[in-house]
Amino acid sequence: MYASLKSIGAYVPEKKLTNLDFEKMVDTTDAWIQQRTGIKERYIAGEDETTSDLATKAAALAIERSGLELSDIDGIICATITPDFFCMPSTACVVADKLGIKYVTAFDISAACSGFVYAMSMAKAFIESGMKKNVLIIGAEKMSSIVDYSDRATCVLFGDGAGAAVISATEDKKKAILDVKTSADGEYQDFLITAGGGSKNPCSQHVLNEKMQYLKMKGNETFKLAVNTLTKDVFEILDDNKLTSNDIDWFVPHQANYRIINAVAKKLKMDEDKVVLTVAGYGNTSAASIPMAINKWYEEGKLKDGELMLLDTFGGGLTWGSALVHFNA
Ligand code: ACO
């Protein structure tokens, strides 16, 4: 019995912020943002719209496309660093309630941009061990809730959105999730950090005065580590599965920066036409980035049943992961 990606769905909020909008907000230019990141625009959730709202819409679409009933879902894993609530309830529990799914294993995981691949590894283990039959995995973020819109080094990079997939069992290896690898190195924990609000720096006037509730990033250091780690990661998973980049139909990297994606794809000798690129339209949506990218390729009719995707991700923690996934829609 193998785990397989049975369906995909995504949701993008209505409000769009273009690079020109940012020119009016901070000392930046459309040219700088495009040149350094490849980003042109990103979507921002409404004030009353929460991460669980985005997640629920993406999840409902993924479940509908799976052909399953709500009652068939026996696990929900939501990857997010922008949960509705600081400690509890988990966003997965809120999503379960909004979808109308009861008596289900539901929890959140925090692995920043790598969250969706981490969630996939857990869903795979649940299915292959026989513990669960149909696990809904979600990557959902309202990054705008932790972005400081006066910090030009970070605010232009991030967007909001959600992606979801149903992971179910299959007996056909050609339709399976072949492998998922996840890893982390806490030594670099300060490369991407929201320092305030946790038990180390509980919410206080000092936290607010110092803007510690917002995301901070050592962009340049993260960039270098991202290229090396993402490259090493994909070579490892391909070698372990006796595959080369020629065997891959679609390379789906985390959508943080076009230059990072390009550098990794070149090292992999990956055909440019096989690289899934959505960063220009969505910016970096953290845990939602990979499922939103898969969904866009599916909706545009590019991703076909049985094709093999190579997922590759990297994010705060630091965390990273890769996966070899057949699309089984
Ligand atoms: N507009 C204009 N200038 C800017 C902007 C901006 N929006 N932001 C920074 N600059 C300036 C800097 O102040 C600096 O100026 P200086 O030379 O006078 O000091 C100059 O541009 C260069 O800054 P760098 O940080 O060196 O720029 P870099 O080329 O590294 O690009 C970026 C910055 C886009 C953040 C890049 O480093 C990057 O993409 N890093 C990796 C991001 C990533 O992968 N994160 C992991 C996932 S995120 C997650 O897990 C939530």
Residue in segment 279-329 that is farthest from residue 155 (Cα to Cα), counting only those that are over 15 Å from the mean Cα position of the chain (by Cα) and of a type in the set (Lys, Arg): 304
If you go through segment 1-22, how many residues are within 16 Å of the ligand (Cβ to nearest atom) and surrounded by 16 or more Cβ atoms within 10 Å (Cβ to Cβ)? 3
When every residue in segment 247-277 that is in a loop (DSSP other than H, G, I, E, B) and of a type outside the set (A, V, I, L, M) is compared, the one nearest to residue 313 (Cα to Cα) is 254
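For (1) farther than 25 Å from residue 216 by Cα; (2) at pLDDT 95 or above, each residue gets a yes or a no:
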site: 272; (1), (2): yes, no
site: 276; (1), (2): yes, yes
site: 284; (1), (2): no, yes
site: 290; (1), (2): no, yes
site: 305; (1), (2): yes, no
site: 311; (1), (2): yes, yes
site: 326; (1), (2): yes, yes
Filter segment 197-233 for residues that are in contact with a Phe, Trp or Tyr (Cβ under 8 Å, 6 or more places away or on another chain) and among the hydroxyl-bearing types (Ser, Thr, Tyr); which is farthest from residue 270 (Cα to Cα)? 222
Look through segment 243-259, keep the residues that are crowded, with 22+ Cβ neighbours inside 10 Å and more than 16 Å from the ligand (Cβ to nearest atom), and return whichever of them is nearest to the chain's Cα centre (by Cα). 251
Specify the residue that is farthest from the ligand (Cβ to nearest atom); the eligible residues are those in segment 278-329 that are part of a strand (DSSP E or B) and of a type in the set (Gly, Ala, Ser). 323
If you go through segment 47-62 one residue at a time, do you hit one that is within 16 Å of the ligand (Cβ to nearest atom), part of a loop (DSSP other than H, G, I, E, B) and out of contact with any strand residue (DSSP E or B) (no Cβ under 7 Å at 6 or more places or on another chain)? no
Those residues of segment 119-164 which are under 20 Å from residue 183 (Cα atoms), under 12 Å from the mean Cα position of the chain (by Cα) and away from the ligand (no atom under 12 Å from the Cβ) amount to 119, 120, 137, 138
Identify, from the list 129, 145, the residue that is more than 24 Å from residue 4 (Cα to Cα), assigned by TED's automatic domain parsing to the domain that holds residue 43 and among the polar types (S, T, N, Q). 145
Of all the strands (runs of 3 or more DSSP E) wholly in segment 107-195, which have at least 1 residues that are among the charged types (D, E, K, R) and in contact with a strand residue (DSSP E or B) (Cβ under 9 Å, 6 or more places away or on another chain)? 134-141, 177-184
What pairs can you find where one residue is in segment 156-172 and of a type in the set (Phe, Trp, Tyr), the other is within 13 Å of the ligand (Cβ to nearest atom) and part of a loop (DSSP other than H, G, I, E, B), and their Cβ atoms are less than 7 Å apart, with a gap of 6+ or different chains? 158/147; 158/283
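The values are calculated or read from the model by the stated rules, or taken from the named source; none is laboratory data. What you see is a predicted model; the values in this text were computed from it and never measured. Cβ sites come from the backbone with ideal geometry, for glycine too, and all protein chains shown count toward neighbours.
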